[in-house]
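Read-outs: derived from the displayed coordinates by stated rules, not from any lab. Everything numeric in this text was worked out from a predicted model, so none of it was measured. For neighbour counting, all protein chains shown are included, and Cβ atoms are generated from backbone atoms with ideal geometry for every residue, glycine included.
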Amino acid sequence: MKNQAMTRIDIRDHSIDYNLRWEYAGIPSWYRGISLDQMIRSLEGLTAEHSHARRVISWAQTFVDTFPARRRFDLANPRLIGVGAALVGTEGAGKTALACAVLMEIHKRYDASICYITADNLIKLGQLIKKNAEELTEWHRRHYTRAHQVSLLALDGFGEEEHSASNKELAWLISFLRRRYNAHRPTLVISQHPIHTWGEYSSSLPKFAETAFPQVSLAGWVLPYAS
């Protein structure tokens, strides 16, 4: 997967086995068949009570359209560089489905490198690599590296990861997110916890999150797919 081309090139090609690409990126199998276009079509005919769902899908479309400015400085959108989003909502609101749909759409449109991983698995992989554990496979090592280097990462389950009493794992995770932002690599952080509560992890985190991961709230019924 190449990062160089950030203009819209749209590499949709029926000869490409995208399922293999989604597997390589770590996208759960049950989300690989859910496209952003499908989500848009699912909103057709819905009543006004579903206006929130329309706003969320509109956000996703805008995020995809502005992705080049999030990776490369753009005079027209200078404040977007490195900026991802925090997808926040209760279980079942569609957070993960939406994040995966955005990942796949951005890869298809820009040939950008993508990766999905849970916060808990990222921490555990880091610990295993540090210990050089025997159970590590080459796939584990590559996936851990991809999480650091891809153009767009979806980090699921933020705030649900296991951690020690010292919270050193959370400190490392926050440092990881800051490094990606500073390297102009946007991250979609998926969480059940609104960013104003992230001060429980670090007092400076909510302010940083407001800049690096503007909150997108998925409240109640939002998308016709479980998260």
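Would you count, across region 21-218, every pair of lysines whose alpha carbons are under 29 angstrom apart, provided the pair is eight or more residues apart or spans two chains? For region 21-218, the number of qualifying lysine pairs is 9.
The chymotrypsin sites (Phe, Trp or Tyr not before Pro) of region 48-133 that meet both conditions, a loop assignment by DSSP and at most 16 other Cβ atoms within 10 Å of the site Cβ, are Phe73.
Label separation (Glu162 vs Ser15): 4.7 nm, computed from points 7 Å beyond Cα along the C-beta direction. The gain in end-to-end length when the Ser51 to Lys207 segment is fully stretched comes to 53.3 nm, 0.36 nm per residue minus the alpha carbon separation. Across region 21-218, the relative contact order, built from alpha-carbon pairs under 8 Å that are at least six residues apart, equals 31 percent.
Say a site is exposed when it is one of the trypsin sites (Lys or Arg not before Pro), sits in a DSSP loop, and has at most 14 other Cβ atoms within 10 Å; what is then the longest site-free stretch of the chain? By the stated rule (loop sites, at most 14 other Cβ atoms within 10 Å), 73-227.
Charge tally around Lys168: other residues with Cβ under 13 Å, Lys/Arg +1 each, Asp/Glu -1 each, net -2.
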